[in-house]
Structures are given as C-alpha cells and as structure tokens.
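Asker: Please find one structure pasted underneath; my questions will follow.
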Amino acid sequence: MLVGPLRTDARRTVRIVLGLLLLGAVTAVGCWGLLSLRDSSTQAATVVTVLAGSALTLGFAAAPLIGGATDPLDPRRFTVLGMSAGPLAAVLGLAGLVSVPIAAVTALGVCIVLLWQGQGVPWPVGTISVILSILICSLLARVCMALAALFLRERRSRELTGLFVLALLVVVVPVGVFLASLQWGGHIPVQLAQAADILGDTPIGAAWAVPARWADDPRGAVLSLVVALATVLCLAAGWAALVHRVLHVVERPAVARGHGGLGWFAVTPGTPSGAIAARSLLYWLSDRRYLVNILIIPVAGVLSMVPLLIVGVPLGMAVLLPVPIMALFLGWLPHNDLAYDSTAVWLHIASGVRGLADRWGRLVPVLVIGVPLLAVTAPVAIALHERWSTLPVMIGVCTSLFLGGLGLSSVASAVAPYPVTRPGDSPFRQPERSTASGAIAQGVVLAGALVVSAPAVWWGWRTVSGGDPQDAEYAFWSGIGAGVAVLLLGLVAGAVAYSRRGSRLLEAAEAG
C-alpha cells in the first residue's frame, strides 16, 4: 500500500515524489529546530513543543476532510475477509501506524525526547509522551478518514472543499495575525505561554505537554497524562464504532452524475431549507447584482476611516470602525432578498415551502460569506489597534450588528419587498419606484440593527476609552445575546409573514 500510489501515470508519480521530498525537508528543518532548543529555557521548549504538537495533531484531523483522498485502509475494502468488527479495527489501527506522515511525526518525536532529556526530564517520560502523541495522531486520522468516507464521499466537490478551506482560514488567519503582532523582544511572549498552558489541558495538546509539565510540576504532568490516555481510549472506541457501522450498513449505490455534478445541491442537506440554501448560494456567487453588493462592502468599510483620519483621529482608533461597518452592511444585505428572486419565487410558494425553511435557507449564503470575512478582518483591526484586550468588544459588537441585521432583514424581505434590477440587467441600473417603501425598509433595518447593538457599542466605547476592563466582557456577552435573540425572533416573525403573505409576495414579484 505504501508503494502502490507510485504505480500510476508519470505526472502523479512526480507530484507524489515532490511531496515526499518536501515533507522530508520540512521534517529535517523541524528536527534541527527542536535540537537547537536543548540549551534554551524550559518555557521556550514548552511553548514550541506544545503549540507545534497541537498544530500537528489538528493537521491530522483536517487533512482527511480537506484533501478528500481515498483511504487505502477503508474498512469496507476488507469485508471480503470475513473478520468481525473488533479484530478488523485493531488490525487496521495498527496498520495505520505504518505511513509516511506517522514516520515524520516519529522522527520529530525522537528529537523531542532528546530535547527534554537535555532539559533534565527522564527519557521514559518523553518516550511515553511521544508514543501517546503518535497514537492520537494516527487514530484521529483514522476516525476523520472514516467519517469523510461515510458522509462526504458522495458529496465531495469543489464547493465542499471550498467550505473547508474557508473554515481553515477562519482559524489560521486570526492565529497568524495574533502571533505576528506579539512583541517578542528576545523572549517568549506571555500570551504564548498562556496558550501552551491551556492547550496542555486539552485532548489535542495534553500528550505533548507531559514532559514540559514534568520539568516544572510532576502533578500537572500526571493530569496531562490522564487526559492523553482518555483521548486515546475515546478515539479507539470511536474508530471501533465506525468500523462496526461500515461493516453492518449496506452502502447506498452511487448515482451517476453529469460532468459538473450537482454543485451546491450535493453539499447542502436534502431538505427544503437545504435546497433553498443551495439555490441562494448559486445566486450569490454568480449573479452580478449580488456580487457587486458584496464587493462594495469591504470598500465602504475601508473608506469609513478616511473622514476620521482627516480630522486627526489616530490610526489605532480609526481602524476599529471598518469591521463593524462591514458587519452592519452584511446583516443588511438580504433585507430584500425575495425581490431579487423575481418570478422564481413562485417555486417556493407553489411547492408549499414552510416560512421558516425559506427564511433560514436564504441566510446561509450571507453566513458563508460574512463569517469568514469578519473572522479574518477583526483580528487584523485589533492587531493594528495594538490592544488585544479589545477583541471581545469587537466580537460582541460585530455579532450584534451582523446577526441583528440578519434577523431584521428576514422580516423586511417578507413584509416590504420593493422593486430591484431584473436578472441579467446591469447591477447599477435602478428601476422606477412609485413609493418610498424601499427607502423605508432599508432605513428600518439599518436603524434597527444599530438600536439592537447599542448596549454592546456603549460598553465597547467605555472599554476603548480606558474604562473598567470588565466592560469588555459586558460588550461581548451583550452583543452575542442581543444578536442571537434578534436573529431567532426575526426568523420566526419573517416565517409567519412569509406564510401569510405568499400570494402578495408573488404579485409583487410579477409586478416588479
């Protein structure tokens, strides 16, 4: 199985060989870096080993979901052997330890043992830590590959891979911005030491933290060891359960599909809200009217700083404004979503789609676009502000503006739709309107989102102005609470309005 992937066409073989060479080079650099820390401080060794080990563990979980590679140890391939679930799970679990990535982790583990031995930690402690880490990485990869084969195989597409990449960006970019903004000054920042200490209590970092805690507090090392052992047992039990499932469940035969596949319809659930979400995603990512609105939002956010900078507001303060502005307009975007459907809205009304399914499905594209955008830009703004203590404020205010706006938009699009540009027309062309209902709907949603976010904005302003640090926590929880509450209430109210005004909505679509 290890040599089998090389028996393919020349291009694929070259890519595999280049990938192996790159992995070997990265592993060699990592080993050199670990061995160079033998004479460093215990804190530096702890931060490097725990953070790097935790990232490596998460990589074993994320790679099967993002890559979508075929698992050579898929239990369904061995059903012809007639083995029961327990022995087969044990054999495949052991076979999973024989792989190139695990070999790279083993090489790094040997260097970690030598590193901590140089720090005065007995080599058996480091060896146990590395063994547990390897088991966790291997079992985590087994479990995630099995889950991907069970639930994602028939839905694997560029759309699903794009969603995984967006989710990865939501995690990686804020962490990278945070690390880049730290003041190193020749020593380990206290924030990294705290992060390593927290990860040492979690399943992904406990095994890597055993020798680090042994050097300072053996009782803490025992706690991390217990967490690591429990993680191994839980993953082993999950792996055995998945093997039992695939051996006793008849696989649904694959349905032949066209060259392009079903796209978003293959990714979303087969429910009314899932179908509406897929259709809305197609519109949002292909219709020029939607794309122009999306592209204008970051530009409007950046331009909002210009007046502040002109009147002399420091950059560190002005940079806090664009992200809430983007959150406000992202929540405002779907306030007239039904009108953009034009005559296609009859599909929902004629098929008897429930109002809640329609309301929720139409918000999915905005969430898919808005959450990654805000998650990436908010840490950048806080890094330029140079006060990470204000990050809870930014999260609370943006959550309230974004979710509150979505809740109010769910009501406005069903209660007061107004004429918009027809499909295929220029997005900059505006139709004639005989009433001011459009301006009223837009203004009500924007003003309502600001009112909903007023408590979070107030506590946030107190925090930025040098008030009590506790104000940041108030801004965080008040913003999240208000945003979630208004979103849920807006979905329910919008669903009721949609169900009661179905014929009027169809008339408005025909007349618009």
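Asker: Which residues, counting only those in the range 269-302, are under 17 Å from Ala381 (Cα atoms) and touching a helix residue (DSSP H, G or I) at 6+ places or on another chain (Cβ under 7 Å)?
Answerer: Once the filter is applied, which keeps residues that are under 17 Å from Ala381 (Cα atoms) and touching a helix residue (DSSP H, G or I) at 6+ places or on another chain (Cβ under 7 Å), the range 269-302 yields Ile297, Pro298, Ala300, Gly301, Val302.
Asker: Next up: Can Leu58 be described as modelled with pLDDT of 85 or more, under 27 Å from the mean Cα position of the chain (by Cα) and open to solvent by 80 Å² or more (accessible area, probe 1.4 Å)?
Answerer: Yes; evaluated as a whole, the condition is true for this residue.
Asker: Give the range 378-420 a look and list any residue that's more than 30 Å from His348 (Cα to Cα), open to solvent by 30 Å² or more (accessible area, probe 1.4 Å) and in a helix (DSSP H, G or I), or say none.
Answerer: Scanning the range 378-420 gives Val380, Leu384, Trp388, Ser389, Leu391, Pro392, Ile395.
Asker: Here's a check for you: in the range 313-361, which residue that is aliphatic (A, V, I, L, M), part of a helix (DSSP H, G or I) and more than 23 Å from Tyr290 (Cα to Cα) is least open to solvent (accessible area, probe 1.4 Å)?
Answerer: Only one residue fits best here, namely Ala318.
Asker: Right, next: Looking only at the range 303-323, how many residues end up being touching a helix residue (DSSP H, G or I) at 6+ places or on another chain (Cβ under 9 Å) and either under 20 Å from Gly396 (Cα atoms) or among the small types (Gly, Ala, Ser) (or both)?
Answerer: Residues meeting the conditions: 9.
Asker: Shifting gears a bit: Confirm whether Leu115 is assigned to a helix (DSSP H, G or I), over 30 Å from Pro218 (Cβ atoms), of a type outside the set (Val, Ile, Thr) and open to solvent by less than 10 Å² (accessible area, probe 1.4 Å).
Answerer: no
Asker: Let me ask something else about it. Which of the residues that make up the range 80-94 are open to solvent by less than 40 Å² (accessible area, probe 1.4 Å) and modelled with pLDDT of 85 or more?
Answerer: Answer for the range 80-94, where residues must be open to solvent by less than 40 Å² (accessible area, probe 1.4 Å) and modelled with pLDDT of 85 or more: Leu88, Ala89, Leu92, Gly93.
Asker: For the range 462-482, what are the residues that are under 9 Å from Ser400 (Cβ atoms) and surrounded by fewer than 17 Cβ atoms within 10 Å (Cβ to Cβ)?
Answerer: Across the range 462-482, the qualifying residue is only Gly481.
Asker: Considering only the range 297-308, how many residues are exposed (fewer than 13 other Cβ atoms within 10 Å of the Cβ) and more than 28 Å from the chain's Cα centre (by Cα)?
Answerer: Counting residues in the range 297-308 that are exposed (fewer than 13 other Cβ atoms within 10 Å of the Cβ) and more than 28 Å from the chain's Cα centre (by Cα) gives 2.
Asker: Let me ask another. Of the conditions (1) at pLDDT below 65; (2) touching an Asp or Glu at 6+ places or on another chain (Cβ under 9 Å), His187 fails just one. Which one is it?
Answerer: Failing condition for His187: (2).
The values are calculated or read from the model by the stated rules, or taken from the named source; none is laboratory data. What you are looking at is a predicted structure, and each value in this text was computed from that prediction instead of being measured. Positions of Cβ are generated from backbone atoms using ideal geometry, with glycine treated the same way; all protein chains shown enter the neighbour counts. Remember, those area values only see protein heavy atoms, side chains included, never the ligands or the DNA or RNA. Shrake-Rupley method; radii C 1.70, N 1.55, O 1.52, S 1.80 Å.
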